[in-house]
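Down below is the structure, laid out as structure tokens.
The values are calculated or read from the model by the stated rules, or taken from the named source; none is laboratory data. What you see is a predicted model; the values in this text were computed from it and never measured. Here the Cβ positions follow ideal geometry from the backbone for every residue, glycine too, while neighbour counts run over all protein chains shown.
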Amino acid sequence: MSNKAKQKICKCVNIAVLSFLVVCTFFPFYFMIISSFKNNAQIAANPFLLSSPFRFENYVSAFGKIIGYMKNSLIITGCTVIGIVIVGSISAYVFAKFEFPFKNAIYMFILAFMMIPIILTLIPLFVLVNQLKLIGSYFAVILPDIATGQITYIIILRSFIEGIPHELFESARIDGAKHRQIFTHIAFPLTKATIFSLALMAFLNSWNDFLWPLLTLSANDSMKTITLGLYSFRDIQQIQYGPMFAGFVLASLPLIILFSTNMKYFISGITSGAVKA
Amino acid sequence: MKTKKEGLMYKVYKAKWCYIALLPSLILLGMFKLYPAVIGIFRSLCSWKSKNYFSPVFAGLINYKRLFTDFEFWKSFGVLLVFIITGFITTFIICLPFTYLVYKLEGSRFGKFFQRAFVIPMMVPGMVTLMFWRFFYEYQEGILNTILRFIGKEEWIHIWLADNNLTLPALLFIGFPFVAGFSFLILLSGFLNLDASLAEAAKLDGANAWKRFFTIDLPLVIPQIKVLSVLGMINGIQAFNTQMVMTDGKYNTMVPGLYMYQTAFKKGNYGYASAMSVMLFVIILIITIMQQKYIKNVD
């Protein structure tokens, strides 16, 4: 009995400690949200609580500033993710289901690029993209992002496709299915969850990317991505904090909505992926 | 001999669709990864500045000689080491035990709640988090100084992001309380995959909670710990968003990546910056190889 009581106390202490940590973790978000409804005077006078009047106009002005950045980010991230899924899925399927000369050599070649850090390629890649006259266009970000993002995608998806029982493919082939059909009717449905979570991961990376868009897209304000847009708040003198925080909240919404509704896929995908890779 | 060669050619011909299917992947890699990497290594041996941007001149090892005597560069490695060690401490001494506590609540409604609560912050864009912390340390309206004024410790108020001694600790504190995020997710998945029967057996043997944690549960998440330490190292060496957004590398917060970036894109000395990036690449490579070897030994 006393042992049970002890366990109960342990559990309560545990919950109390973790609750405190959750409060600390979420304090920034709480602060940003309440501040997004205030003007500078209200933030200075009463920083940690809501105070009336609520300044909804902050959101109107932030929305006007951010909507263009958001559009750019959505185009770049969308194209990158679609590109990775298409190019990566084809390669992963070929590696998983075909035997051909030099297969391992080619696979190791791709694998080796995991070792090449972005930092090594940063300067020459900038020069290359400059020579291709891509600076200031979406492709300057999309193409290198696909090239980098596909590597882990191929490695992880290959191992998942290889995990599908061989008999499924055999019976389909005996029934006269073409490889395109086998891919769309067997491999794709069975690895949908993995593909989905890998795509979410690629989305997160591309949406958060900062350095490369800074180099290639920051010259023209109408091409800036959302991270660059937020970064430019840094330099404004006499800043109005309310609209800035409203902008932060708006910029966070797409990711939070996308991931909260797909949390299960995301967690299972990212964890199995990280350990396999 | 001849037939064997023909055989290979025939096999290659027969499998031509495989190669064609792999072409998009390989072209992208060749163009945006391999070519820049090779050029980067070659250009690190050149005198290549913004004034001769289109015509780099081969200069041998001059950039590397200069690099070895560049005090700023090696000092930035010291700062980087502080960041990486702090990262390891926050991951394995702070995040790991609390992740274990969350795992211990698995099965109750609190467990689900905490699991989600510590994953959600991952989805807030990194730039938003950094800009929040900039505001946190702001001199006039900043949260930290507001709190200090509120509790009457006026003498503790500082210009947190422009102080040779205090700015580095201030940057290290970013991310407090260090539980939520990617490491949490990876470690949690490790704990959730634990074999429950082992824990039951230990309980029957009368092992207390501490002993159970160190002798049974902790060894089973060693794969996750390895993954996180490799990633922490490789990503840590390259990361400089925090320093760039908060201080631009001033006030003793310069790290090698940012130094390279500024040498290339602010000062326009591309050749010298390329030598730095090659140096960082070599260091990353050595660490990766050593860790692979070490990991194999442990297994």
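Yes/no matrix, rows are residues, columns are (1) modelled with pLDDT of 85 or more; (2) at the interface with another protein chain (Cβ under 10 Å from one of its Cβ atoms):
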position: B:PHE176; (1), (2): no, yes
position: B:VAL179; (1), (2): yes, yes
position: B:SER183; (1), (2): yes, no
position: B:PRO219; (1), (2): no, no
position: B:PRO223; (1), (2): no, yes
position: B:ASN269; (1), (2): yes, no
position: B:TYR272; (1), (2): yes, no
* For the stretch B:239-248, indicate whether the set of residues that are at pLDDT 80 or above, over 18 Å from the mean Cα position of the chain (by Cα) and within 14 Å of chain A (Cβ to nearest Cβ) is non-empty. => yes
* To do: Determine whether the stretch B:28-41 contains at least one residue that is in contact with a Pro (Cβ under 6 Å, 6 or more places away or on another chain), buried (at least 16 other Cβ atoms within 10 Å of the Cβ), facing chain A (nearest Cβ under 9 Å) and touching a residue at least 60 places away in the same chain (Cβ under 8 Å).
  => yes
* Asked: Restricting attention to the stretch B:191-211, does a residue exist that is on the phi > 0 side of the Ramachandran plot and surrounded by fewer than 16 Cβ atoms within 10 Å (Cβ to Cβ)?
  -> yes
* Structure fact -> Checking A:PHE20, A:PHE48, A:PHE37 in turn, the sole residue that is on the phi < 0 side of the Ramachandran plot and outside any loop (DSSP other than H, G, I, E, B) turns out to be A:PHE20
* To do: From (1) touching a residue at least 40 places away in the same chain (Cβ under 8 Å); (2) of a type outside the set (S, T, N, Q); (3) in a helix (DSSP H, G or I); (4) farther than 18 Å from A:PRO243 by Cβ, pick out the condition that doesn't hold for B:MET131.
  => (4)
* Asked: Yes or no: B:VAL38 modelled with pLDDT of 90 or more and either out of contact with any Cys (no Cβ under 7 Å at 6 or more places or on another chain) or within 30 Å of B:MET260 (Cβ to Cβ) (or both)?
  -> yes
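A quick yes/no check of all residues on (1) within 14 Å of another protein chain (Cβ to nearest Cβ); (2) within 30 Å of B:SER25 (Cα to Cα):
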{"position": "A:ASN39", "(1), (2)": "yes, no"}
{"position": "A:PHE48", "(1), (2)": "yes, no"}
{"position": "A:TYR59", "(1), (2)": "no, no"}
{"position": "A:PHE63", "(1), (2)": "no, no"}
{"position": "A:MET70", "(1), (2)": "yes, yes"}
* Asked: Yes or no: B:SER55 without any contact (Cβ under 8 Å) to a residue 24 or more places away in the chain, outside the structural domain of B:TYR261 (by TED's automatic domain parsing) and not in a helix (DSSP H, G or I)?
  -> yes
* **Any chance B:PHE71 is in the same structural domain as B:LEU218 (by TED's automatic domain parsing) and under 30 Å from B:ILE222 (Cβ atoms)** => no
* Asked: Do we find that B:PHE113 is surrounded by 19 or more Cβ atoms within 10 Å (Cβ to Cβ), under 26 Å from A:SER260 (Cβ atoms) and facing chain A (nearest Cβ under 9 Å) in this structure?
  -> no
* **Residue, farthest from the other protein chains (Cβ to nearest Cβ), within the stretch A:194-240, restricted to residues that are in contact (Cβ under 8 Å) with a residue 24 or more places away in the chain and among the small types (Gly, Ala, Ser)** => A:SER222
* Structure fact -> Checked B:PHE83, B:PHE114 against criteria (closer than 30 Å to B:LEU228 by Cβ, touching a residue at least 12 places away in the same chain (Cβ under 8 Å), in a helix (DSSP H, G or I) and over 24 Å from the mean Cα position of the chain (by Cα)); the one match is B:PHE114
* Structure fact -> Scanning the stretch A:87-138 residue by residue, those within 27 Å of B:ASN235 (Cα to Cα), facing another protein chain (nearest Cβ under 7 Å), of a type in the set (A, V, I, L, M) and touching a Lys or Arg at 6+ places or on another chain (Cβ under 9 Å) turn out to be A:ILE116, A:ILE123, A:LEU125
